[in-house]
Amino acid sequence: MVGLPIPHGTRLAQPAYAALTLRGLPGVGPVRFRSLVDRFGTPSTALAAPSAEFAEVAGQRAEGARHGNAPARRARDVLGQCEAGGIALLVYGSPEYPPALGDLSGPPSVLFALGRTGLLSGPCVAVVGSRRATAYGRRIARRIGALLAGQRRCVVSGMAMGIDAEAHRGALPGPTAAVLGSGVDVPSPRRNAALYRNIVEHGVVVSEYAPGVRPEPHHFPARNRIIAALSRDVVIVEASRRSGALITAGIALDLGREVHAVPGPIDRPTSEGTNRLIADGAGVIFDAGPENPFAGEETLPEEPELRALLAAIPTAPLTVEEVALATNRPVEEVSTLLMVLEIRGFLTPTRDGRVMRTPGRRPLGVREEVAR
């Protein structure tokens, strides 16, 4: 093992120590960390790999640094903080790591967590929106959070003021996960400290940032990718034209997740983003009552050729040529069939000319078991 020995008696031990050491090397971000683990099997075997093979993946700067004591010393310090605070570490490639995060090209190398970590691997739905929420938006977010938690779905959000906080409050004491842009021991914002304690008790708080890290503006777009990837569906309750919630929606669509939006008055800035999402094909949340609140059900065309073509199209956008290649059909024929599916509402065109299955046609009312 390169570096300093693990501190005596630490509960988190070798895998976490190796992962923290590896991710602390210069140039080893989430993408390279994943490449190293995929290449060598585990962080420990990556750190022990021959110099030429390690440098081929991690780069020469990382190869030089792994023989020094600084990365290992930092890893020991973080391990000590986690041990003292009862913080769990979920390492990419380990059985405890949430599998949905593997859909990211650069999944977090390590997740720090407080609470019921098993929730992160169960059925999750993100509910996000504006910090400057209206009374209407806060009320709807809380009702949707309660509805989803009642269906044993983990409500994922960012614990921010406004929509995020209300979604968590609605879900409690049911399953909910807060993804922070700070260390998991740093409640952010401070005004939500009581909510934070409630989530730690009944749900889980998670972050890719080490204990003690303060929130920074550039942390939040990275946090949003975790919220989107963890969730099978993303619900936007209120969002302005430049809301961070729209970033989450965009990431979700790129990952093939379903995106739903709550419509709002056209004269309110907090409705601009959600109404635009609906115009672009997002599923419409038309009711937050005890029945199914998500618009549309998954149906299939009656014609066999249309049914077969639709089955070959994922929720992620594809070009006409990509669909033709996937189905082994001529481009002209596929183009005509796609037009029929679009007219019937099965497909939605993207702004760059691709097509995707229309989000929101599948209801979220189906009950599933969540990890305990």
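Quick notes on this structure:
- Scanning segment 330-349 for residues that are open to solvent by 60 Å² or more (accessible area, probe 1.4 Å) and not in a helix (DSSP H, G or I) yields 330, 344, 349.
- Residue within segment 133-145 that is more than 30 Å from residue 274 (Cβ to Cβ) and either of a type outside the set (S, T, N, Q) or without any contact (Cβ under 8 Å) to a residue 40 or more places away in the chain (or both) present: no
- Filter result (open to solvent by 10 Å² or more (accessible area, probe 1.4 Å), in contact (Cβ under 8 Å) with a residue 40 or more places away in the chain and closer than 12 Å to residue 130 by Cβ) within segment 219-243: 240, 243
- Scoring residue 250 on the criteria (1) among the small types (Gly, Ala, Ser); (2) surrounded by 18 or more Cβ atoms within 10 Å (Cβ to Cβ); (3) within 15 Å of residue 129 (Cα to Cα) leaves a single failure, condition (2).
- The one condition in (1) closer than 27 Å to residue 122 by Cβ; (2) over 24 Å from the mean Cα position of the chain (by Cα) that residue 58 fails to fulfil: (1)
- Within segment 188-204, being closer than 16 Å to residue 87 by Cβ, open to solvent by 50 Å² or more (accessible area, probe 1.4 Å) and not charged (D, E, K, R) holds for no residue.
- Residue ID - farthest from residue 17 (Cα to Cα), chosen from residues in segment 85-133 that are surrounded by 19 or more Cβ atoms within 10 Å (Cβ to Cβ) and of a type in the set (S, T, N, Q): 130
- In segment 36-62, the residues that are surrounded by 15 or more Cβ atoms within 10 Å (Cβ to Cβ) form Cβ pairs under 6 Å with partners that are in a helix (DSSP H, G or I) and of a type in the set (Asp, Glu), at six or more places apart or across chains, as follows: 54/63; 55/63.
- Hits in segment 141-167 (condition: assigned to a loop (DSSP other than H, G, I, E, B), surrounded by fewer than 22 Cβ atoms within 10 Å (Cβ to Cβ) and of a type in the set (Lys, Arg)): 152
- If you go through segment 87-114 and pick out every residue that is under 14 Å from the mean Cα position of the chain (by Cα), free of Cβ contacts under 8 Å to residues at least 40 places away in the same chain and in a loop (DSSP other than H, G, I, E, B), you end up with 1.
- Residue within segment 257-271 that is open to solvent by less than 20 Å² (accessible area, probe 1.4 Å), farther than 22 Å from residue 104 by Cα and without any contact (Cβ under 8 Å) to a residue 60 or more places away in the chain present: yes
- Set 201, 166, 208, 216: member being of a type in the set (Asp, Glu) and within 15 Å of residue 115 (Cβ to Cβ): 201
The values are calculated or read from the model by the stated rules, or taken from the named source; none is laboratory data. A quick note: this is a predicted structure, and the numbers were derived from the prediction, not measured. Positions of Cβ are generated from backbone atoms using ideal geometry, with glycine treated the same way; all protein chains shown enter the neighbour counts. To get the accessible areas, we keep the full protein, side chains included, count just its heavy atoms, and leave off ligands, DNA and RNA. Shrake-Rupley method; radii C 1.70, N 1.55, O 1.52, S 1.80 Å.
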